[in-house]
Amino acid sequence: MIRIGICDDDPGIRKVLHSFCDRYFEGRRYEARHYGSGEEFLERGEETLEETGEKRLPDILLLDVEMGAVDGIQIKHILQRQKREVRILFVTNHEELFRGAYGKYVFGFLTKPLSYEAFAEKMQEVEEDLDQSERYVVRSWKGPEERIRLSGIRYVKADGKYVKLHMESGGETLYDERGIGTWEKLAGADFAMSHKSYLVNLAKVKGIRDEYAVFADGENVKISRRMKMRFRERYLAYILRSAR
């Protein structure tokens, strides 16, 4: 289910955007949450999903450029610094503000007065990109099958013949009975081995320091000498591939 945030200090605009979402997603499940200011979005934009316990921001954020103390451009910068994969569609009255509103995961602008046709065209572009990134694997362990979103995994650690899945949201450690070699094949190009025991989600890496891959909260995993060059190459390739 796609989760949408509507962040605008004008309740009338929020209502119009919500009606556009209802029309666009007719017959499909989606969820929309409203935020009346940038401060409100920063305070409660991240929610805990009941089904997995994972903390997630909206998949798509309809974001007013001009608000109060915290405007849309500032929110975009904060999300980019945190490496949060939120797709942004800006909403604005003034085209001259567009210059500061470009960047990764920014898919364009909706100008006021709002047009459903322009909204639908942009939303289709965002949804196609989202579909490419929302890949899942089925966890193989005791009990019922469980689908795991690959982008929610921070790294996979070998544990004997099994692996531990360390999730970005923290919480309970998940296990899988397949080995780390199998997981390397399952995970695809956005993951790389930093060590014989660690498979790292490159999207979660803030940088490389000495012999470690470092995450945004300061946690790190070891990069072995044997894999150092290959890991750096894969990380650089990821950055270039994901840059917009």
Check: Across the stretch 182-235, which residue is farthest from TYR162 (Cα to Cα) among those that are surrounded by 13 or more Cβ atoms within 10 Å (Cβ to Cβ) and small (Gly, Ala, Ser)?
Finding: ALA216
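Being among the β-branched types (Val, Ile, Thr) and either in a helix (DSSP H, G or I) or open to solvent by less than 20 Å² (accessible area, probe 1.4 Å) (or both) is the filter here; which residues of the stretch 134-155 pass it? Lay out the reasoning, then the answer.
Of the stretch 134-155, the ones among the β-branched types (Val, Ile, Thr) are 137-138, 148, 153.
Those that are among the β-branched types (Val, Ile, Thr) and either in a helix (DSSP H, G or I) or open to solvent by less than 20 Å² (accessible area, probe 1.4 Å) (or both): VAL137, ILE148, ILE153.
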Next item on the list: Hey, could you check the stretch 171-195 for residues that are small (Gly, Ala, Ser) and in contact (Cβ under 8 Å) with a residue 24 or more places away in the chain and say which is nearest to SER140 (Cα to Cα)?
Entry: ALA187
Item checked: All positions within the stretch 196-212 that are touching a residue at least 40 places away in the same chain (Cβ under 8 Å) and assigned to a strand (DSSP E or B) -> TYR198, LEU199, VAL200, ASN201, LYS206
Margin query: Given (1) under 26 Å from ASP217 (Cα atoms); (2) modelled with pLDDT of 90 or more; (3) touching a strand residue (DSSP E or B) at 6+ places or on another chain (Cβ under 9 Å), identify the lone condition not met by GLU46.
Written below: (2)
Note to self: Considering only residues that are within 17 Å of GLU125 (Cβ to Cβ), at pLDDT 90 or above and either open to solvent by 30 Å² or more (accessible area, probe 1.4 Å) or within 10 Å of the chain's Cα centre (by Cα) (or both), which ones fall in the stretch 62-91?
What the structure shows: VAL86, ARG87
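The values are calculated or read from the model by the stated rules, or taken from the named source; none is laboratory data. All of these numbers come straight from a predicted model, not from anything done at the bench. FYI the Cβ positions are ideal-geometry reconstructions off the backbone, even for glycines, and counts take in every protein chain you see. Heavy atoms of the whole protein, side chains included, go into the accessibility calculation; ligands, DNA and RNA do not. Shrake-Rupley method; radii C 1.70, N 1.55, O 1.52, S 1.80 Å.
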